[in-house]
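Asker: Sharing a structure with you now.
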Amino acid sequence: MAKQRVLITGISRFLGGHLARRLEQDPDVGEIFGVDLEPPSVELARTEFVRADIRNPLIVKVLQATEVDTLVHAAVIATPGRAGGRAQMKEINVTSHPRTGYAKDAWEVENYARSFGRRRPDVGLTILRFANFIGPQIDTPLTRYFSLPVVPTALGFDPRIQLLHEDDAIEILVRATREQHPGTFNASGDGVVYLSQALRMAGKIAVPIATPFMNLLGSAVRQTGLVDFSPEQLQFLQWGRVGDVHRLKTMFGYTPRYTTTEALRDFITRSKLAKVFSEEQAEQWEKDLYDFLARLSRRRSAPDAAKV
Amino acid sequence: MAGAEVIRIQDGRRADPQLCRGRTADGRPCRNRAGASGYCKRHEPGAGRAATPAPSRFEADLERALAFLRRRVTGAYAIDDFGFDPDLTENVLLPILRPLFDRWWRVEQRGLENIPASGPALLVSNHSGTLPLDALMMKLAIYEGTGRHCRLLAADLPFRLPFVGEIARKSGNTLACAEDSTRLLDAGEIVGVFPEGYKGIGKPFRERYKLQRFGRGGFVEVALRTGAPMIPVSIVGAEEIFPMIYNVKPLARLLGFPYFPVTPTFPALGLLGAIPLPSKWIIEYGEPIQTAPFTPDAALDPMFVFNLTDQVREAIQQTLYKNLMSRRSVFF
């Protein structure tokens, strides 16, 4: 049987790069091509880098010339900052008139993919809807958000969030590439955490901000370029996002190794986040406070006892 | 001290002979330094107790409260997929409601034996009172009576509101939709539903204790699909807490609320009008209506669903009338 030939878009990014690296180690995978405008950030041995713009119709030539049988579109951009702004991000993700946000893009990409699937039933099509990635290596708006010393949150709102560890994300991509898993799957670690809870686990101080002011603050922070607060992420801070991962486990056949909480803990310990306070400190405070208050109450009741 | 040794909370530290071998009230290893006996002063067994007085109730409470605070501060608590936070609910949210339950409305429960000790059940209740305090009282009643948590299904509005939505989620409630209720029942939870919705809670005072239309019977379909028994719940007393004499519809539309109530005290007395009247409450749980004998396909038959809906509705209405008669007055 002929070896699998794979083309990966978005090879310069974390997931694309690491997927290529994993596939390189697989003897059953033949040639691997990586398309992007920038060279890969991960060191790759036998992947061929093709500098091309997927917005350009010439990409069809690349597809024909490489004669691939598997295409992994890992270049859906959820982070407008790096791609040079929202309008451009839109054009990379799909080519039509912008309406709102990444969710809309993702939805349109899915629709394109699905209609393609209908036209070509002979091609297996897997659509993965990833939860927010987290882990010690991956760089996302969420990991940068957790790296802030003081973290803004939406006053009166505590979103539930689901997280997928970077190792699990790569594993799922590898399996989707190597095996046949037609269908659409939500991909996330088991369980959810509240944003407030996640911040406390990370030892961060949350500063709740009234939602009408959040957009103002968001654009102010965006100007500094330190952290990217798009209206999309502000929405996320208010409502969060939770999906049912049942199908991933039963039909896709993969249960992520890290639950949402475990993924978060791994990120917190291995990326060495600067904690404002640690769990040990909290325990010490608990003990000190107990000793102090208990002694206080004893001292109050002791003189009464002496009188009797 | 520069060379201070950090001691992990894992099993390894058990071996440390310098630390007390006792356990704190919440079961964690004690972190105090041990004396000659291997225990600290507080956990010294037997003879030591005479020298240092046994922990008083205050101290036990203090220890529990501080342990709770530590869990909150470090995020060391678990929630489920719906956002239910039992630690917060049991230690803060429900205790806040207890005075209302015990003193203000003196809630009396009947038919608690009809609620299963384990496994799924769909509680179907009447809804009244302008604000959904009847739902909160039902939640607390079930917890007091059985130790189980009732997961309420609510409209979209509360979940969109700041603070309210957050607390609604954390106390274990979720949106009234077939997907969520099916998942909860399949997981063996008690689910509470108010099929009258806004029509029930926002009805004028003159229509008190008259059950409104029961939606399309979506709750019956869910019960049939999951095989969970339906338990009719009749709440007497909530109708009188905020008697709505007029509904300012244009104002409600402007604010995006389903109704804008005028009661004898609200908005005339301002914030004082938000104090509910201290009516006497009776919550009765009726005989379970079993759905397990029917096949899940029965949910596809609209006539069958309608009849079952009507049966539940009738059961609640009859119990309401019966308990209204048995109540001496609105307030006693």
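Asker: Around B:Gly172, what is the net charge, scoring Lys/Arg as +1 and Asp/Glu as -1 over all other residues with Cβ under 12 Å from its Cβ?
Answerer: Here the count lands on -2.
Asker: Quick check for me: using +1 on Lys/Arg Cβ and -1 on Asp/Glu Cβ, what's the dipole size of chain A about its Cα centre, in debye to the nearest 20? Let's see the in-between values first.
Answerer: Numbers: 40 positive and 36 negative charges, 157 e Å.
Computed about the Cα centre, the dipole is about 760 debye.
Asker: Lone cysteines in the protein assembly as shown, going by a 4.7 Å Cβ-Cβ cut-off?
Answerer: Result for the protein assembly as shown is B:Cys150, B:Cys177, no neighbouring Cys Cβ within the cutoff.
Asker: Can you tally the lysine pairs in chain B where the Cα-Cα distance is under 18 Å and the two residues are eight or more apart, or on different chains? Before the final figure, lay out the partial values.
Answerer: Details: B:Lys139/B:Lys170; B:Lys139/B:Lys280; B:Lys199/B:Lys210; B:Lys199/B:Lys249; B:Lys203/B:Lys249; B:Lys210/B:Lys322; B:Lys280/B:Lys322.
Value for chain B: 7.
Asker: Name the shape class, rounded, prolate or oblate, that the alpha-carbon gyration tensor gives for segment B:184-332, where a ≥ b ≥ c are the square roots of its eigenvalues, rounded holds for a/c under 1.5, and otherwise prolate holds if a/b is larger than b/c and oblate otherwise.
Answerer: Since a/c reaches 1.5 and a/b is larger than b/c, the shape of segment B:184-332 is classed as prolate.
Asker: In nm, to one decimal, how far is the modelled label at A:Ala206 from the one at B:Tyr198, with both set 7 Å along Cα→Cβ?
Answerer: Reported label-point gap for A:Ala206 and B:Tyr198 is 2.9 nm.
Asker: If you stretched the chain out fully between A:Asp288 and A:Val60, how much longer would it get, using 0.36 nm times the residue separation minus the C-alpha to C-alpha distance?
Answerer: Working: separation 228, 0.36 × 228 = 82.08 nm, distance 6.83 nm.
Length difference between fully extended and current span is 75.3 nm.
Asker: Compare the Cα positions of B:Thr130, B:Val193, B:Phe332 along the charge dipole of chain B (+1 at Cβ of Lys, Arg; -1 at Cβ of Asp, Glu; about the Cα centre) and return the one farthest towards the positive end.
Answerer: Toward the positive end, the furthest listed residue is B:Phe332.
Asker: Taking the Cα-to-Cβ direction at B:Ala65 and at B:Glu113 and moving 7 Å from each Cα, how far apart do the two end points lie in nm?
Answerer: Result for the modelled spin labels: 4.0 nm.
Asker: Compute the longest continuous run of chain A that contains no exposed trypsin sites (Lys or Arg not before Pro); treat a site as exposed when its DSSP state is not H, G, I, E or B and it has at most 16 other Cβ atoms within 10 Å.
Answerer: Working: sites that count: A:Lys3, A:Arg46, A:Arg55, A:Arg99, A:Arg257, A:Lys272, A:Lys275.
The longest such stretch corresponds to A:100-256.
Asker: May I ask you to list the residues of segment B:153-186 whose amide nitrogen lies under 16 Å from a point 7 Å from Cα along the Cα→beta-carbon direction of B:Ala292?
Answerer: Residues passing the 16 Å test: B:185-186.
Asker: Evaluate Rg over Rh across the protein assembly as shown, taking Cα atoms for both radii and Kirkwood's formula for Rh.
Answerer: Details: Rg = 29.7 Å, Rh = 29.0 Å.
Rg/Rh for the protein assembly as shown comes to 1.03.
Asker: Let me ask another. Note the full-extension length gain between B:Glu207 and B:Arg57 as 0.36 nm times their separation in residues minus their Cα-Cα distance, in nm to one decimal. If you can, show how the numbers build up before the last one.
Answerer: Working: separation 150, 0.36 × 150 = 54.00 nm, distance 4.90 nm.
Stretched fully, the B:Glu207-B:Arg57 segment lengthens by 49.1 nm.
Asker: Could you check the simple spin-label distance between B:Lys322 and B:Phe163, using points 7 Å along Cα→Cβ, in nm with one decimal?
Answerer: Roughly 4.1 nm, to one decimal.
Asker: Let a ≥ b ≥ c be the square roots of the eigenvalues of the Cα gyration tensor of chain B; is it rounded (a/c under 1.5), or, if not, prolate (a/b larger than b/c) or oblate? Don't skip to the answer; put the middle values down first.
Answerer: Details: a/c = 2.28, a/b = 1.84, b/c = 1.24.
Judged from the Cα gyration tensor, chain B comes out prolate (a/c at least 1.5, a/b above b/c).
Asker: Would you mind calculating the gained length between A:Ser301 and A:Leu125 on full extension (0.36 nm times residue separation, minus the Cα-Cα distance), in nm to one decimal? Could the numbers behind the result be given before it?
Answerer: On the way: separation 176, 0.36 × 176 = 63.36 nm, distance 7.43 nm.
Length difference between fully extended and current span is 55.9 nm.
Asker: Tell me which of B:Ile275, B:Val220, B:Leu94 sits at the most positive position along the dipole axis of the protein assembly as shown, charges placed on C-beta atoms (Lys, Arg +1; Asp, Glu -1).
Answerer: B:Ile275
Asker: Another question, then. Once you have a ≥ b ≥ c as the square roots of the Cα gyration tensor eigenvalues for segment B:44-170, tell me rounded if a/c is under 1.5, and otherwise prolate or oblate according to whether a/b is larger than b/c.
Answerer: Values: a/c = 2.22, a/b = 1.67, b/c = 1.33.
Since a/c reaches 1.5 and a/b is larger than b/c, the shape of segment B:44-170 is classed as prolate.
Only the coordinates and a few stated rules stand behind these numbers; no lab work does. Everything numeric here is computed off the predicted structure, so don't read it as measured data. Counting neighbours? That spans all protein chains shown, and the Cβs are built from the backbone with ideal geometry, glycine included.
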